[in-house]
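Everything below concerns the one structure shown next.
The values are calculated or read from the model by the stated rules, or taken from the named source; none is laboratory data. The structure displayed is predicted, hence computed values, not measured ones. Heads up, the Cβs are rebuilt from the backbone with ideal geometry, glycines too, and the neighbour counts pull from every protein chain shown.
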Amino acid sequence: MRNVLTIAGRELRSIFASPIAYVVLTGFLLLGGWFFFNLLARFNLLVSMYSNFQGNAEAAQRLNVNEFVLGPLLHNLSVVLIILVPMITMRSFAEEKRAGTYELLLTSPVSIWEIVLGKFLGAAGFVSVMVALTLVYGAILAAYGNPEVGIMASGYLGLWLLALTFVAIGLFASSLTENQIIAAVTGLVLMMLFFVVGWAADTAGEPLGAILRYLSITDHSSDLIRGVVDTKTLVYFASMIVGWMFLTQRSVESIRWR
């Protein structure tokens, strides 16, 4: 475990040593703030419109801040993560190959799994910071509104698990090449594929439709954002993370076969 934590700390320091990290962090928070305050302004407008119509004051009170503000905000941030996470993970293995330290890393007295897990934890630590910083929006809603805290917590759990899954996919893409741009584009395409795969479920028929819905990362994260914490959803995210890390381990280890 000490080796894993050492690699994770080295990976996290290398991420924060790069200007890309601060560009990604700033862009994520700027977009998150823009989405939040626009959604909040639209919600206030709806409340005002309902309140101005006679007899609709009670309906205005039933407008749910989770449904009209937090839910759309987390969905929007999920899309932003598809674009930004590959910029973080593209360096993980590709930079090692380009700098000529890849073989040195593989011949060090650590296992391939320790290398993969350490790099995953380092990148996961950074995206966890990204997600944690958006908790300020939930804090604002809790301070000045009346959100359902349980649904809010479930929604942030969904966003965090989504981010960790994207990290695992991004690491696999980075392990395939020494070109960081190719790694970023490959990761983005894979993430987008799992994001949109469920769109064809309704027209695909059964049992293919059920398979596509299960593979869809959007459907599972949407359940958590709505406050539905299901064991099947948690197993899905755990399987995705472990599965992509396994593929990364096999990809890294394949250099020994060449």
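A compact table of results
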item: Of all residues making up region 108-159, the number that are at pLDDT below 90 and polar (S, T, N, Q); result: 3
item: Condition check for residue 222: more than 23 Å from residue 116 (Cβ to Cβ) and small (Gly, Ala, Ser); result: yes
item: Among (1) surrounded by fewer than 23 Cβ atoms within 10 Å (Cβ to Cβ); (2) at pLDDT 90 or above - the single one residue 167 does not satisfy; result: (1)
item: Hey, residue 225 farther than 30 Å from residue 111 by Cβ and surrounded by 18 or more Cβ atoms within 10 Å (Cβ to Cβ) or not; result: yes
item: Qualifying residue in region 193-208 (condition: out of contact with any Leu (no Cβ under 8 Å at 6 or more places or on another chain), touching a residue at least 40 places away in the same chain (Cβ under 8 Å) and over 14 Å from residue 85 (Cβ atoms)); result: no
item: Odd one out for residue 247 among (1) at pLDDT 85 or above; (2) surrounded by 21 or more Cβ atoms within 10 Å (Cβ to Cβ); result: (2)
item: Region 231-250: number of residues that are of a type in the set (D, E, K, R) and touching a Leu at 6+ places or on another chain (Cβ under 8 Å); result: 0
item: In region 194-212, residue modelled with the highest pLDDT [restricted to those that are buried (at least 18 other Cβ atoms within 10 Å of the Cβ) and either more than 17 Å from the chain's Cα centre (by Cα) or acidic (Asp, Glu) (or both)]; result: 212
item: Residue 241 vs. criteria hydrophobic (A, V, I, L, M, F, W, C), under 24 Å from residue 112 (Cβ atoms) and at pLDDT below 85; result: no
item: Condition met for residue 218 (within 23 Å of residue 72 (Cβ to Cβ), surrounded by 12 or more Cβ atoms within 10 Å (Cβ to Cβ) and in contact with a Gly (Cβ under 6 Å, 6 or more places away or on another chain)); result: yes
